[in-house]
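The values are calculated or read from the model by the stated rules, or taken from the named source; none is laboratory data. A quick note: this is a predicted structure, and the numbers were derived from the prediction, not measured. Using ideal geometry, Cβ is built from the backbone for each residue, glycine included, and neighbour counts are taken over all protein chains shown. Remember, those area values only see protein heavy atoms, side chains included, never the ligands or the DNA or RNA. Shrake-Rupley method; radii C 1.70, N 1.55, O 1.52, S 1.80 Å.
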Amino acid sequence: MVTTSGRADASRRGTRRASISDVAQQAGVSLGTVSNVLNRPDRVSEATRDRVQRAIEQLSFVPNGSARTLRAGTLTTVGAVLLDIANPFFTEVARGIEDRLGQDDHTLMLASSDEDPVREHRYLRLFEEHGVLGVLVTPAEAEIDHLLALQRRGVQVVLLDRRSPSPAIASVAVDDVAGASMAVTHLLGLGHRRIGFINGPSTIEQCVDRRAGMLRALTTAGLDASAMVEVEVPFLNADGGEAGATELLALDDRPTALFCVNDLTALGAMRTLRAHGLRIPQDVAVVGYDDVNFASMLTTPLTSVRQPTHELGRTAADLLLRAANGLAEEPAHVEFQPELVVRASSVGADGGGTA
Ligand code: RIB
């Protein structure tokens, strides 16, 4: 229904008074933006303020308790559904989110989906019912239709640690194809030609991209996929790393190096290698991904692909606040470049480490 004055909307609403949601829908902005026009107009662009004010007049909206409730603080809260907040990668990302939100007196509500789409959807619904300003999500599945629908209902969405498949949803990610390619090129340069890859489920885009990066490195070196010995583990944690390494060590022709999908799986894999009496890197070289805070502190410091974790979180929160306040013309898509940090787990204490 296209209305010019809002009169048609009134007939649709019957006698119900216009709500802040009606204003948001009429103006084509999020609930948070309407709340900010009412309570913090300085945070909203003039064009957006005008659009919201026009909708308020068209709908004869009168701020009431719900507006005060919104002022009370729910719309100064941002929800984040990450894969696993026990993973130091996500806790470091969450710190970046919190530091940016705090600059605008906003608060963060944090949840783990545990790579379970059902759990993710449940937390998103809870955050929406709580009336959050927006949500940051590391999706547990490739499909994001539910996030597009959430944003159409007025909840700002930003994808975190995931490139957006849709121009309609902002995203902040790291080039995982480049990151994995760096890691495997490093191992190939050390002479390894049979590299184990402990990867996570293909429902997680980061795992898909890191596999693509490994294959890119092999192709660039003139090798085919047979140089990659891949095992898929259900969870991107130390238990997954142990299970993956155990499977690879059981092979007759075991790999001479392991590329692990993240540092937690690398930690578990290293524990298994040692339990089998294998030396790192002399018997098996290991490379992780994230370069979380413990990577450099291990007995054999871990070679890893560094992601700008704090900046990832800070930038995602900034994109969300700018979009919610009508300060972003189009959803932004930011992609950071990773860097390889070489340590003893691949080159040894003496920097040798050849296969
Ligand atoms: O987000 C999926 C994975 O990417 C996480 O396990 C984290 O470690 C990052 O590397």
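Across region 280-299, not a single residue is classified as at pLDDT below 95, open to solvent by less than 60 Å² (accessible area, probe 1.4 Å) and among the aliphatic types (A, V, I, L, M). Only one of the numbered conditions (1) in contact with a Ser or Thr (Cβ under 8 Å, 6 or more places away or on another chain); (2) farther than 30 Å from Asn39 by Cβ is not met by Gly326, and that is (2).
Only one of these is of a type outside the set (Phe, Trp, Tyr) and closer than 30 Å to Arg125 by Cβ: Leu218, Leu249, Leu188, Leu147. Name it. Reasoning before the result, please.
Working: Leu218 fails: closer than 30 Å to Arg125 by Cβ; Leu249 fails: closer than 30 Å to Arg125 by Cβ; Leu188 fails: closer than 30 Å to Arg125 by Cβ.
Exactly one residue qualifies, and that residue is Leu147.
Could we say that Gly213 is within 16 Å of the ligand (Cβ to nearest atom) and touching a strand residue (DSSP E or B) at 6+ places or on another chain (Cβ under 8 Å) here?
Values: within 16 Å of the ligand (Cβ to nearest atom): yes; touching a strand residue (DSSP E or B) at 6+ places or on another chain (Cβ under 8 Å): no.
Judged against the criteria, Gly213 is not a match.
Could you tell me whether Arg95 is modelled with pLDDT of 95 or more and over 23 Å from Gly326 (Cβ atoms)? Answer is yes for this residue.
For region 48-75, give me the residue count where each residue is modelled with pLDDT of 80 or more and more than 16 Å from Ala24 (Cβ to Cβ).
At the first step, the residues of region 48-75 found to be modelled with pLDDT of 80 or more are 48-61.
After this cut, where a residue has to be more than 16 Å from Ala24 (Cβ to Cβ) as well, the list is none.
Qualifying residue count for the region: 0.
Can you find a residue that is open to solvent by 30 Å² or more (accessible area, probe 1.4 Å) and within 13 Å of the ligand (Cβ to nearest atom) anywhere in region 150-163? So far as region 150-163 goes, yes, one or more of its residues are open to solvent by 30 Å² or more (accessible area, probe 1.4 Å) and within 13 Å of the ligand (Cβ to nearest atom).
Out of Arg122, Arg100, I need the residue that is without any contact (Cβ under 8 Å) to a residue 12 or more places away in the chain, assigned to a helix (DSSP H, G or I) and either within 16 Å of the ligand (Cβ to nearest atom) or open to solvent by 10 Å² or more (accessible area, probe 1.4 Å) (or both). Which one?
The conditions single out Arg122.
Inspect region 148-155 for any residue being modelled with pLDDT under 95, of a type in the set (D, E, K, R) and out of contact with any Pro (no Cβ under 8 Å at 6 or more places or on another chain) and give the result as yes or no. Within region 148-155, one or more residues are modelled with pLDDT under 95, of a type in the set (D, E, K, R) and out of contact with any Pro (no Cβ under 8 Å at 6 or more places or on another chain).
Scanning region 228-240 for residues that are outside any strand (DSSP E or B), among the aliphatic types (A, V, I, L, M) and surrounded by fewer than 21 Cβ atoms within 10 Å (Cβ to Cβ) gives a single hit, Ala238.
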